[in-house]
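Have a look at the structure below before the remarks.
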Amino acid sequence: MEIIEEIYHKVVEGNVSETETLVKKALNKKVAAQNIMNDGFIRALNLVGEKFSAGEAFLTEMLTSAMSVKSGMELLKPLLAKSDIKSKGTVVAGTVAGDIHDIGKNMVCMMLEGAGFKVIDLGVDVSGEKFLQAAKENKADIMVISALLSTTMRNMAETVRLVSSAGLEHKVNVLIGGAPVTQDFAQAIGADGYAPDAAQAIKKARELLHIS
């Protein structure tokens, strides 16, 4: 459908205002919200993520694309809720205790939501107890923990320990990331996955839940 192709291209371009305008136009034409999300948003984010991972796009380009999707998703959310369309999975996300940096975490949340996941953003300086409580209350499939300060990485380990102690290690997948975080660290603390950026976070989340 031509209008969905237009939405797709505007998201790739990172044009927030035109994406929102086109989504409104598509909805007025009775285009299904699910089609807009799948063929417009998710397809565009996949392309931008692939380009970023390949070094063919900058962080600012990925951010504007994510912001374009966020603006469009605000229009789709009520319709998606009414149609009882099953989300790809439920994610609780936050920046770990002791750390108040949120740019990376915010981008991951926007892109996961645009990719069809239900996202509960817990904000910054989130304790292990708060992560655990949110995971239980929302029956989360994935817990996304971000850190920018190396001094707060130990709090990631503590959160993973709490998940295990609560017997949720086979129910909640813990995905960690952030500037000082590495794959080796993720394995050392028993996290289920590591993502160096938002594009890889979407890819890893799909892998963890066996979504194509």
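Read the figures in this text as sums done on the coordinates, not as results from a lab. Just so we're clear, the structure is a prediction, and the values are computed from it rather than from any experiment. Glycine gets a Cβ as well: all are built from the backbone with ideal geometry, and neighbour counts include every protein chain shown.
Worth a mention:
- Dipole of the chain computed with +1 at Lys/Arg Cβ and -1 at Asp/Glu Cβ about the Cα centre; of Ser68, Leu79, Cys109, farthest Cα towards the positive end is Leu79.
- The fraction of Cα-Cα pairs per 5 angstrom bin, counted from 0 for the chain, comes to 1, 8, 16, 19, 19, 15, 11, 7, 3, 1, 0 percent, rounded to whole percents.
- Extending 7 Å from the Cα toward the beta-carbon at both Ser83 and Ile100 defines two label points whose distance is 4.1 nm.
- Here the contact order of the chain, divided by its residue count and restricted to Cα pairs under 8 Å and six or more residues apart, works out to 18 percent.
- Between 0 and 90°, nearest 10: helix 198-208 axis offset from the chain longest Cα axis: 70
- Counting beta carbons within 10 Å around each of Met156, Met67 and listing the fewest first gives the order Met67, Met156.
- Entry note, region 2-82: relative contact order of 44 percent, from Cα contacts under 8 Å with a spacing of 6+ residues.
- Qualifying aspartates and glutamates (Cα of each under 13 Å from Cα of Lys29; at least 8 residues distant if same chain): Glu2
- The Cα atoms of region 61-106 define a convex hull whose projected area, averaged across directions, is 4.4 nm².
- Contact order relative to length of region 90-208, as percent, for alpha carbon pairs under 8 angstrom and 6 or more apart: 28
- Charges were assigned to the Cβ only: +1 to each Lys and Arg, -1 to each Asp and Glu. The resulting dipole of region 2-82 about its Cα centre is roughly 460 debye.
- Pairs of alpha carbons in region 1-93 whose separation is greater than 21 Å (percent): 29
- For region 115-179: Kirkwood Rh in Å [reciprocal of mean 1/r, alpha carbons]: 12.1
- 19 Å reach of a label modelled at Lys25, 7 Å along Cα-to-Cβ, counting backbone N of region 39-57: 39-42, 44
- Principal-axis tilt of helix 43-53 within the chain, Cα atoms, nearest 10 degrees: 50
- Cα pair distances of region 31-149 binned at 5 Å [whole percent]: 2, 12, 20, 20, 20, 15, 9, 2, 0
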